[in-house]
Amino acid sequence: MSMRVVFLGPPGAGKGTQARELAREWGVAHVATGDMLRDAIAAGTALGRQARTYYDRGELVPDTLVVGMLGERLQAPDAAKGFILDGFPRTIAQAESLERVLKDLGQELDRVVFFEVSEPELLQRLTARRAVEQRVDDTDETVKNRLHVYATQTAPLLEYYRNRSRLVAVPGEGPIDAIRGAIRQVLGR
Ligand code: AMP
């Protein structure tokens, strides 16, 4: 089976950690839109300058910027074998754009893996991460905003992908290795 998957879940669910490891294990591209935006902002590119104000507030960067960036990334040679999308799509509109991008490439999404984590655990993890990574979007106010954005704009994707028979779920809490095992299992690896 090809490996074209989305990792879906709230900020702090552990998608990045798992996506990085499993992409290496499977020899597919790890496509993290948050990482790409952080790079663009740090490099001061035109995209980075436009994205910055949204990013710093914990708001979604406009689709016109993110969808173009993603489309280009998926055309890179290393994504031809497969990919793990981490942090995209985040809205129904982005999911629809993704379908169009993949259709143009003659590809289809195989599975969407949902990371289930309770709210108290999330808050604790995001606060802990603040001390380690010092991301500008890990302040109290923006963390709250990112969780709100997730609940209102991203969570509707669960139903979207359930209706399309793409959705599988794994527990996002517990030992990292156990979670990784659960992901391999739901993807038949
Ligand atoms: P992340 O590292 O995935 O938590 O993303 C950090 C921030 O980057 C988010 O709070 C958004 O401001 C921005 N971002 C990342 N991915 C997207 C996306 N698919 N659409 C819009 N904004 C995004």
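Below is a table of values for the structure above.
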quantity: Filter result (in a helix (DSSP H, G or I) and out of contact with any Leu (no Cβ under 8 Å at 6 or more places or on another chain)) within the range 102-118; calculated: K103, D104
quantity: Qualifying helices (runs of 4 or more DSSP H) (wholly inside the range 13-90; at least 3 residues being within 11 Å of the chain's Cα centre (by Cα) and under 21 Å from E133 (Cα atoms)); calculated: 15-26, 33-43
quantity: Residue that is nearest to A151 (Cα to Cα), among those in the range 50-59 that are within 7 Å of the ligand (Cβ to nearest atom) and surrounded by fewer than 17 Cβ atoms within 10 Å (Cβ to Cβ); calculated: E59
quantity: R111 being farther than 16 Å from G12 by Cα, touching a helix residue (DSSP H, G or I) at 6+ places or on another chain (Cβ under 9 Å) and modelled with pLDDT under 95; calculated: no
quantity: Test: residue in the range 6-19 that is out of contact with any Asp or Glu (no Cβ under 7 Å at 6 or more places or on another chain), touching a residue at least 24 places away in the same chain (Cβ under 8 Å) and surrounded by fewer than 17 Cβ atoms within 10 Å (Cβ to Cβ); calculated: yes
quantity: Flag if P89 is touching a helix residue (DSSP H, G or I) at 6+ places or on another chain (Cβ under 6 Å), near the ligand (Cβ under 8 Å from one of its atoms) and either free of Cβ contacts under 8 Å to residues at least 60 places away in the same chain or within 18 Å of G172 (Cβ to Cβ) (or both); calculated: no
quantity: Filter pass, E99 being in a loop (DSSP other than H, G, I, E, B) and either away from the ligand (no atom under 11 Å from the Cβ) or surrounded by 14 or more Cβ atoms within 10 Å (Cβ to Cβ) (or both); calculated: no
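The values are calculated or read from the model by the stated rules, or taken from the named source; none is laboratory data. Source: prediction; values computed, not measured. Here the Cβ is made from the backbone with ideal geometry for all residues, glycine too, and neighbour counts use every protein chain on show.
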